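The values are calculated or read from the model by the stated rules, or taken from the named source; none is laboratory data. All of these numbers come straight from a predicted model, not from anything done at the bench. Glycine also receives a Cβ, built like all others from the backbone with ideal geometry; neighbour counts cover every protein chain displayed. Side chains included, ligands, DNA and RNA excluded: accessible areas come from the protein's heavy atoms. Shrake-Rupley method; radii C 1.70, N 1.55, O 1.52, S 1.80 Å.
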Amino acid sequence: MNKKRRMFIRTIVASLVRRRSRMIIALLAIVVGATILSGLGLIYFDVPRQMSTQFRSYGANIIFTPTEEDGIAEEVLKQGLSYFPASETEGYTPYRYENSQIHNMPVTFAGTDFRLVLKTSPYWHINGELPAHDGEALIGAKVAESLGIKTGDTVSAVNSFEVTKDMDVSALPSYEIYTDPETGETYCDHMLDLTVTGILETGGSEEEYAYVSLKDLSYLLLSERGYDIVEVSVASSQAKLTQYVERIEGSVEGLSAKLVKRVTASESTVLTKLQSLVFIVTAVVLVLTMICVATTMAAVITERRKEIGLRKALGAFNSSIVLQFMSEGLLLGGVGGIIGSILGYVFAQYVSMQVFSSAIMFRPLLIPITILASVLVTGVACLIPIRNAVEVDPAIVLKGE
């Protein structure tokens, strides 16, 4: 570094130090602006992930339904799920629905895998416990109320079917045979004892079913087939979800995929409004920062009018005056941007924990962006005060007017 450059840097630093009270005010304004920019920038880019995670608590956002009468086969389901990235797939839950009886009352049974059900339905409120073994059932609140069932009861699920001549029902462990006196047809009641481990309350249609394991439902109905519906929860944007669904629709035979619009549409609307709010707040803060820096620099230049007049009287060019004041402003902008980048991450982390109860992802690219934005805002804020500086008339200033 040559002597001229060293002298120039020392002049700038000395000028800032001599007027540190005003410069600290300008620096604080830049730091606040950079902190808001960095913090809200982190929140802006991380909001889609955070919102997607929050909306998963409202249930699945994609539904698989069969295009064939036999339901969705296991291998078809795996093929459909393969279109979703593993990092975005929160979980899936298959369901098979069948009509049967409990206490001689018709009940719709839903066979499912209880190990997976809370992955797509975390909002379920269970009075009791989720079934953990075969022979256990979760009863919807409306079914429990109509049949007088409570947690801990043992109920008998009954599947009635006509017995034909070539049918051997003696192998069934629990059954009753009876003949209809009017038609003379023989019927068999195949029974399955179930222990009620919990009552399901959701305030929705889920309360109208009795939930059992897929194995128990197949045993009760004496038949096996594919799933009637599969709920899938995927943490991704609506645009990506739409792409996934379109690919599955055109590639997987026997499977139809649809978005749950009440979830995805709400998520998209809230996300758009939240990102717009973050953008507006950031823009307003940067404008206020610019005004504060411009006001401070104008006051500094007013104080230094005699210095500027003396330099111009001694032959200093306007370009050298512009360079000095602009360098002072840009130095403040750079230092404020660095400090604001650090404080911005702390600010974003605090906001994320308070609003979403989860940590925010650090994005290194926002550091240079914040510093560059701080320098640009400071540079623009210095333009008007510097313009006034170069218009100083040395003769008038040195006369004391």
Out of curiosity, is Ala73 within 30 Å of Thr242 (Cβ to Cβ), open to solvent by 80 Å² or more (accessible area, probe 1.4 Å) and not acidic (Asp, Glu)? no
Quick one: which of Gly71, Gly80 is farther than 23 Å from Ser223 by Cβ and in contact with a strand residue (DSSP E or B) (Cβ under 9 Å, 6 or more places away or on another chain)? Gly80
Please go through (1) closer than 19 Å to Ile24 by Cα; (2) loosely packed, with under 13 Cβ neighbours inside 10 Å for Gln354 and return the number of the only condition it doesn't satisfy. (1)
Which condition from (1) open to solvent by less than 10 Å² (accessible area, probe 1.4 Å); (2) modelled with pLDDT of 90 or more; (3) outside any strand (DSSP E or B) is the one that Arg247 breaks? (1)
Filter pass, Gly184 being surrounded by fewer than 14 Cβ atoms within 10 Å (Cβ to Cβ), modelled with pLDDT under 95 and under 27 Å from Glu145 (Cα atoms): no
Output yes when any residue across the range 363-382 is surrounded by fewer than 16 Cβ atoms within 10 Å (Cβ to Cβ) and either among the acidic types (Asp, Glu) or modelled with pLDDT under 80 (or both), and no when none is. no
From Val293, Val287, residue being at pLDDT 85 or above, in a helix (DSSP H, G or I) and either more than 25 Å from Tyr44 (Cα to Cα) or out of contact with any Cys (no Cβ under 7 Å at 6 or more places or on another chain) (or both): Val287
Do we find that Leu194 is of a type in the set (A, V, I, L, M, F, W, C) and either touching a Lys or Arg at 6+ places or on another chain (Cβ under 8 Å) or part of a loop (DSSP other than H, G, I, E, B) (or both) in this structure? no
If we take the range 94-171, then strands (runs of 3 or more DSSP E) inside it with 1 or more residues that are open to solvent by 80 Å² or more (accessible area, probe 1.4 Å) are 105-112, 125-128, 154-162
Out of all the residues in the range 201-241, which are touching a helix residue (DSSP H, G or I) at 6+ places or on another chain (Cβ under 7 Å) and outside any strand (DSSP E or B)? Glu207, Glu208, Glu224, Ala235, Ser236, Ser237, Gln238, Leu241
Within the range 292-315, can you find the residues that are touching a residue at least 40 places away in the same chain (Cβ under 8 Å), more than 16 Å from Asn388 (Cβ to Cβ) and among the aliphatic types (A, V, I, L, M)? Leu310, Ala313
Of the residues in the range 194-244, how many are hydroxyl-bearing (Ser, Thr, Tyr) and open to solvent by less than 20 Å² (accessible area, probe 1.4 Å)? 5
